[in-house]
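The values are calculated or read from the model by the stated rules, or taken from the named source; none is laboratory data. None of these values were measured; they are calculated from a predicted model. Cβ: placed from backbone, ideal geometry, glycine included. Neighbour counts: every protein chain shown. Side chains are part of the model used for accessible areas, which takes the heavy atoms of the whole protein and leaves out ligands, DNA and RNA. Shrake-Rupley method; radii C 1.70, N 1.55, O 1.52, S 1.80 Å.
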Amino acid sequence: MNGSPRRMAWFGTLSLLFLLALFARTLPVASESAQQVEPVKVIPVQGNVYMLQFSNTLGNIGVLPGPDGVLLIDDQVPGMTDNVLRGVREITDEEIRFVINTHVHMDHFGGNPILADMGATIISHKNVRDRMFQPHHTPRRGGTYAATPISEANRPILTFEDAMSFHMNGEDVRVWLVPSAHTDGDAFTYFAQSDVLHTGDVFRTNMYPIIDVFNGGSLAGTIAATEAAIALAGPNTKVIPGHGDGFTDRDGLIEVLDMMVDIRDTIQDMIVSGMHLEEVLAARPTAEYDEQWGQVATWNAKDIVPIIYNELGGGPTLLR
Ligand SMILES: [Zn+2]
């Protein structure tokens, strides 16, 4: 073979790529740069409600598809939106019409800018939107400060104070503010006909509850909100946790509630007996639960015990 046809072939390929690149710039693309492809687990939960889950264990997404358009609960971190869209497309081709942000953490609203550009209406509690204007403290590793860059494009254009309802796709969907638990803007979402509850990060099944005191969270609120979820749930209710593998049910909520109440009471007794925080930590009030709930390096007993100690009015803190 002489060189000429090969050169022509290369020229043809390059021209095609150039034309494709030009064409691609004129299309409404999902993101400005290609995102890494992550396997998405599409899990039918119950009735008409699905969940999307990714191996990064970040926020679990709820999906209600149907002819009135898709309602999403949460939308993962910014770099995952292509994968979120791929998961939704495995369920339906309908447009994404509404996105509810359950709270102000980036792994639950990172897809907002792209989804809003695609025409979705972003919705959250008023406190979530207000906090999106502030620099963030993250609750991990004892509360490391992180200046999360928040762009105007992230912000919900529709907010609620106490509750709101959607009536779409044959489903009555109620969204409401729960007691300040994980943060002070936590929303539960309940799909009445499908009998599915999405809790956001108030409830998780992969580690101790994260009580984000930098964003208004509290143990008392986490317990109260979990009790409210248990009161709502019936024997067939399915519960999508903010984090954790798959979905669970009322018994899953009760297990976490019992754990939290036991740890709270143990620490309260230690405070009453005059123990300093260092002594409480050394006494390991979470010992019997650590194997199941305390295995994540960035959030375990040494993170949650000081927060509970402080909330319960513990004595002088020797640790800083
Ligand atoms: Zn969170």
Regarding residue 260, is this residue open to solvent by less than 20 Å² (accessible area, probe 1.4 Å) and free of Cβ contacts under 8 Å to residues at least 60 places away in the same chain? yes
Looking at region 145-165 only, could you name the residues that are open to solvent by 70 Å² or more (accessible area, probe 1.4 Å), at pLDDT below 80 and within 18 Å of residue 114 (Cβ to Cβ)? 149, 152
Would you say residue 258 is away from the ligand (no atom under 16 Å from the Cβ) and acidic (Asp, Glu)? yes
Considering residues of region 224-244 that are of a type in the set (A, V, I, L, M) and buried (at least 19 other Cβ atoms within 10 Å of the Cβ) only, the residue nearest to residue 308 (Cα to Cα): 225
Among the strands (runs of 3 or more DSSP E) lying completely within region 171-246, list those that include at least 2 residues that are within 16 Å of the ligand (Cβ to nearest atom). 187-191
Residue that is most open to solvent (accessible area, probe 1.4 Å), among those in region 32-74 that are modelled with pLDDT under 90 and farther than 27 Å from residue 298 by Cβ: 32
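Output the residues belonging to region 116-137 that are surrounded by 24 or more Cβ atoms within 10 Å (Cβ to Cβ) and more than 16 Å from the ligand (Cβ to nearest atom).
122
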